[in-house]
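Only one structure is covered here, and it is reproduced in the block below.
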Amino acid sequence: MIRRFTQKMKKSNQNFKEETVKALNEKEEQPKELSIDLKQNEEVIHAIYDNSFDIVIRPFSASDGTKGLMIYIDGLCNTEEINENVLTPLMKDAELTTNNIDTIIEQHLTISEATKVHTFNELIEEVSSGHPIILFDGNATGCSLSVEQFEMRSVDEPEAEQVVRGPRDGFIEPLIVNTALLRLRIKSPRLKIKTMKIGIQSRTNVAIAYIEEVADSTLIEEAENRLKRIEVDAVLESGNIEEMIEDHPYSPFPQILNTERTDVASSYLLEGHVVILVDGSPMALVAPTTFYSLMQSAEDYYQRFLISTTIRWLRYLFLVIALTLPSLYVAALTYHHEMVPTALMISIATGREQIPFPAMVEAFLMEVIFEVLREAGLRLPKQIGPAVSIVGGLIIGEAAVTAGIVSAPMVIVVAVTGVSSFAIPRYNAGISIRMLRFPLLFLAGMLGLLGIMVGLIGIIVHLSSIRSFGVPYLAPMAPANFSDMKDVMMRVPKWAQNTRPRLTGESNKNRQSPQQKPSPERGGES
Amino acid sequence: MNHFQCKKILHRCRLLIFLSVLTLLLSGCWDRQEINDLAIVLGAGIDITDEGLIDLSVEIVTAQEGQEEEQGGAQTYVESATGQTVVDATSTLQQKLSRQLFWGQMEAIIMSENMAREGVHGSLDFFARQPQTRLRNYIYVTEENPKEVFAATPHLEVSTTKTLAELSEFQAGLNVTTLDFLRALESEGEHGVLPMVETLPQDAGKEEEQTDLMGNRAALFKRDKMIESIDMDITRGVMWLRDEIEGATVTLSPERSEGLISMYMIRSDVNFKPQIQGGTWKILVEAKSEDDIFQNASNLDLKEVDNVKMLEGELATQIEDRMRETLEVVQQDLQLDVFGFGETFRRKYPEKWDEVRDQWDEKFAEVEVDFDIETIIHRPGLSSEPTGLPEGEVEE
């Protein structure tokens, strides 16, 4: 059966390759270059945009009498601007000659950006991006006009990464807005944004942003190479890209950070990371990423450092609780009864007296119910969401205990675990921790504390063996770098964060002048 | 995805399936034990029957939910069985129980005096050898049948064992764990001492079906056999010398005044300084005690430094008297080194110790004991002058 499966896989693999080649070839069957004859061009364009009602192909006569053609996608461009600044001058201006596109752009078109197109591929790409194309009879060069305008939501607060104190702007879908948001934060011309198109059908714009002389040049090269390797039909979200470029596809841990926040993306840029933006996705990817950056929240850097450090420690504690609490409970209850203080043991024993299931099954049941409730609450329409939490949290929790299916201590354990996992600021990191809880629970039920240790050792070995774009995942703890721990074990004050992290910002070490610690004596110092 | 990668994934899949199948062969969960299947032993009592059989009684938690909600705690009951050894008795006991005996939460062992006089090491071996038991549980001797002690239904705690553990932790009496006791048994320069526990007789104001426990006496051991029981005063003295006294109250009647003053000791420290001069073995007991005045029923003005100094002196004398009295009984009459004098000599004079180690008990009786007692009275309390006395009657 496995053999048949692989054969099938091989076959489908080949099929896909053939198809993509066919998709590429289709364009090659058509004439590549625009022709001088407008009639011929029009036929080709009609053939390309066959059965597409939103394509507008509008013939017109220029003021010198030449036939012209305008092609655009309805709904992607500003028709008012076309009327006023393109069609009006072309059809009304007296001294217009259509044989030179350059003079038309220079003298007649009153729009800010216009480029020349020579091939059909260029033409298709421009039209798809919302740029109308004008062609003239007797001229093999077309003109693309940047008058795109499409519906988009406004820049608003990122819902997945909220802060009490901090900026409220988040990335939105159009790439051009997102790059502009980055530019707004980092105005230096050293911020470079390269783009490429990925996806044979979707032709999605993907931008790589980095800061020249801060980001390692080999990192930029590596990121570009990984992106160039992608050969898919479409990129619908940055998650598609993430899965194609991460180092260890089977690892449960996210090796590329995604963020909706412009300030987070900017801060990573300033530390020498690369930010990948995908058109149509409000989620920016940050590479390389370490385990500890998944435990940081934007607000850590806006609050005063003592508070941030305390909260960070709390998070590490909750990380351990979220991962191990149910398995520790099960292990203590099924194998290590002597570990529990006597009074607690007796009260747990009393609570468990009527429970028909072994502790492991009980824990499994409750954890699965919790995950289902979480997932259900997430996917439901907003109006029904609260209903799920009422049914799930109140009725199931309370009734299950009263009915003697689960014990009250178990409900507490599951609740604490759930809440702890939500204290991890990155949702995807929280999920991977929550999923790892299940194998650990299973090991605890099978082997007790020994099993938990085996599981934890496995997780730690895995964590310390993986890398993200060449950076060890557990850096700067393993390999240890004392200076970089200033942002891991604690969050040192801004005036002490003089150097960039070594593994990403080595080439431009200092990020601020040293000795900026404020004090009363320095009050009037200028 | 090329052919090579496909093969690699396939290889991994096969390996994973193979390994998963292998796990089915493993006999996992072999010592898994659900809490519901355990009979949690809180305390064990060991007695010896007239036929010389071990009579083992255990206090077991009955986790009944209905009662838990009303009382906020579990109920216990006592089950017992006899056998040639403790383990033998255990197996008989197990036959009477529907759940597996679990020793891991045991907090107290009570031995009957009869049993203790016969020798205890054989029975204690079970608790030391058994991996489940904590050696940090408390251990007691009782003149009564341990079953009667377990049958006591104390007012304040839910079970006898809990009461005993709390009593020990409160340091009202001696506080000896199984581990301490076994160490003392093994040590050459020290004899064991265990607290004794007894049920209190009915008294006015108590409910009839409830009995309380008290443990302020002690049993002295020579090797593993109990020799003598000592009363409360001597026990306090032993506790002083073993540096185990805590939270004691001392009442004395000052010389220059009428009436009594009670002090509460907040801190104490006792050290032994061994010395061998020629043939005489000497030990200097250095004691330090810090006290607060809790009650002044005399007419002494405690604002006066001289008065406090005098009190400190009298307190020191009182402590010394208590210790001397204890030594008279324990050192001279019983000749049992329960204080660890031998250990301190062994540490300081290992060669000389080797000469006397076999006759330490006789040598112990000859050891001269000196005292150096320092007392400090920290706080006279809120009212420094005696309350309710006219100024004229106050002694300054």
Original post:
Yes or no: A:THR324 over 29 Å from A:GLN497 (Cβ atoms), touching a residue at least 40 places away in the same chain (Cβ under 8 Å), within 14 Å of chain B (Cβ to nearest Cβ) and among the hydroxyl-bearing types (Ser, Thr, Tyr)?
Top reply: no
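Condition test on B:LEU284, is it aliphatic (A, V, I, L, M) and modelled with pLDDT under 90?
So B:LEU284 fails the test.
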Original post:
Among the residues of region B:274-295, is any under 20 Å from the mean Cα position of the chain (by Cα), on the phi < 0 side of the Ramachandran plot and either assigned to a strand (DSSP E or B) or hydroxyl-bearing (Ser, Thr, Tyr) (or both)?
Top reply: no
**OP:** Give the residue that is farthest from A:GLU367 (Cα to Cα), with candidates limited to residues of region A:279-335 that are in contact with a Gly (Cβ under 6 Å, 6 or more places away or on another chain) and not in a helix (DSSP H, G or I).
**Re:** A:TYR302
Subject >> Cβ pairs under 8 Å, 6+ apart, first in region B:92-113 and assigned by TED's automatic domain parsing to the domain that holds B:VAL141, second of a type in the set (Asp, Glu) and crowded, with 21+ Cβ neighbours inside 10 Å >> reply: B:MET111/B:ASP47; B:SER112/B:ASP47
Original post:
Which one of the conditions (1) assigned by TED's automatic domain parsing to the domain that holds A:TYR49; (2) surrounded by fewer than 15 Cβ atoms within 10 Å (Cβ to Cβ); (3) touching a residue at least 60 places away in the same chain (Cβ under 8 Å) does A:ASN99 fail to meet, given that it meets all the rest?
Top reply: (3)
**OP:** Look at A:GLY430 and say whether it is within 14 Å of chain B (Cβ to nearest Cβ) and more than 30 Å from A:PRO514 (Cβ to Cβ).
**Re:** no
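Each row is one residue, and each column tells you yes or no for (1) within 14 Å of chain B (Cβ to nearest Cβ); (2) over 30 Å from A:LEU294 (Cα atoms).
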{"residue": "A:LEU317", "(1), (2)": "no, no"}
{"residue": "A:HIS336", "(1), (2)": "yes, yes"}
{"residue": "A:LEU344", "(1), (2)": "yes, yes"}
{"residue": "A:GLU353", "(1), (2)": "yes, yes"}
{"residue": "A:VAL368", "(1), (2)": "no, no"}
{"residue": "A:ARG379", "(1), (2)": "no, no"}
{"residue": "A:ILE395", "(1), (2)": "no, yes"}
Original post:
Is it true that A:GLU106 is buried (at least 18 other Cβ atoms within 10 Å of the Cβ), charged (D, E, K, R), without any contact (Cβ under 8 Å) to a residue 40 or more places away in the chain and on the phi < 0 side of the Ramachandran plot?
Top reply: no
Original post:
Would it be correct to say that A:ASP233 is over 28 Å from A:PRO439 (Cβ atoms), part of a helix (DSSP H, G or I) and of a type in the set (Asp, Glu)?
Top reply: no
**OP:** Exactly one condition in (1) away from chain B (no Cβ under 14 Å); (2) modelled with pLDDT of 90 or more is not met by A:VAL330; state its number.
**Re:** (1)
Original post:
Somewhere in region B:29-43, is a residue modelled with pLDDT of 90 or more, more than 9 Å from chain A (Cβ to nearest Cβ), under 25 Å from B:PRO195 (Cβ atoms) and not in a loop (DSSP other than H, G, I, E, B)?
Top reply: yes
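Please work out which residue is modelled with the lowest pLDDT, limiting yourself to region A:129-172 and to residues that are assigned to a strand (DSSP E or B) and of a type outside the set (A, V, I, L, M).
In this case the residue turns out to be A:GLU148.
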**OP:** State which residue is surrounded by the fewest Cβ atoms within 10 Å (Cβ to Cβ) when the search covers only region A:464-502 and only residues that are outside any helix (DSSP H, G or I) and small (Gly, Ala, Ser).
**Re:** A:ALA480
Subject >> Failed item in (1) of a type in the set (Val, Ile, Thr); (2) modelled with pLDDT under 90; (3) part of a strand (DSSP E or B), with A:ILE193 passing the rest >> reply: (2)
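Yes/no per residue for (1) among the charged types (D, E, K, R); (2) under 13 Å from A:ALA363 (Cβ atoms); (3) outside any helix (DSSP H, G or I); (4) within 28 Å of the chain's Cα centre (by Cα):
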site	(1), (2), (3), (4)
A:GLY418	no, yes, no, yes
A:ALA429	no, no, no, yes
A:SER432	no, no, no, yes
A:LEU441	no, yes, no, no
A:GLY445	no, yes, no, no
A:LEU450	no, no, no, no
A:LEU456	no, no, no, no
A:ILE459	no, no, no, yes
A:HIS462	no, no, no, yes
Original post:
If only one of A:ALA403, A:ALA408 is within 14 Å of another protein chain (Cβ to nearest Cβ), in contact (Cβ under 8 Å) with a residue 12 or more places away in the chain and surrounded by fewer than 19 Cβ atoms within 10 Å (Cβ to Cβ), which one is it?
Top reply: A:ALA408
Original post:
From the residues in region A:40-55 that are among the β-branched types (Val, Ile, Thr) and more than 16 Å from A:GLY142 (Cα to Cα), which one is nearest to the chain's Cα centre (by Cα)?
Top reply: A:ILE55
**OP:** Exactly one condition in (1) away from chain B (no Cβ under 14 Å); (2) free of Cβ contacts under 8 Å to residues at least 12 places away in the same chain; (3) over 30 Å from B:GLU34 (Cα atoms) is not met by A:GLU243; state its number.
**Re:** (1)
Original post:
What number of residues within region B:366-388 satisfy the criterion of being more than 18 Å from B:GLU290 (Cα to Cα), surrounded by fewer than 16 Cβ atoms within 10 Å (Cβ to Cβ) and not polar (S, T, N, Q)?
Top reply: 4
**OP:** Look through region B:75-110, keep the residues that are surrounded by fewer than 16 Cβ atoms within 10 Å (Cβ to Cβ) and small (Gly, Ala, Ser), and return whichever of them is nearest to B:GLN130 (Cα to Cα).
**Re:** B:SER91
**OP:** Kindly indicate which of A:PRO472, A:PRO439 is within 14 Å of chain B (Cβ to nearest Cβ) and out of contact with any Leu (no Cβ under 6 Å at 6 or more places or on another chain).
**Re:** A:PRO439
Subject >> Residue ranges of helices (runs of 4 or more DSSP H) in region B:86-174 with at least 2 members of a type in the set (Val, Ile, Thr) >> reply: B:86-95, B:160-169
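Among the residues in region A:109-117, are any touching a residue at least 24 places away in the same chain (Cβ under 8 Å), out of contact with any His (no Cβ under 6 Å at 6 or more places or on another chain) and closer than 24 Å to A:SER238 by Cβ? Working first, answer last.
Here is the first cut: in region A:109-117, the ones touching a residue at least 24 places away in the same chain (Cβ under 8 Å) are A:109-117.
Subsequent filtering for residues that are out of contact with any His (no Cβ under 6 Å at 6 or more places or on another chain) retains A:109-117.
Subsequent filtering for residues that are closer than 24 Å to A:SER238 by Cβ retains none.
Within region A:109-117, not a single residue is touching a residue at least 24 places away in the same chain (Cβ under 8 Å), out of contact with any His (no Cβ under 6 Å at 6 or more places or on another chain) and closer than 24 Å to A:SER238 by Cβ.
The values are calculated or read from the model by the stated rules, or taken from the named source; none is laboratory data. Here the structure is a predicted model, which is why all the values come from computation and not from measurement. Glycine gets a Cβ as well: all are built from the backbone with ideal geometry, and neighbour counts include every protein chain shown.
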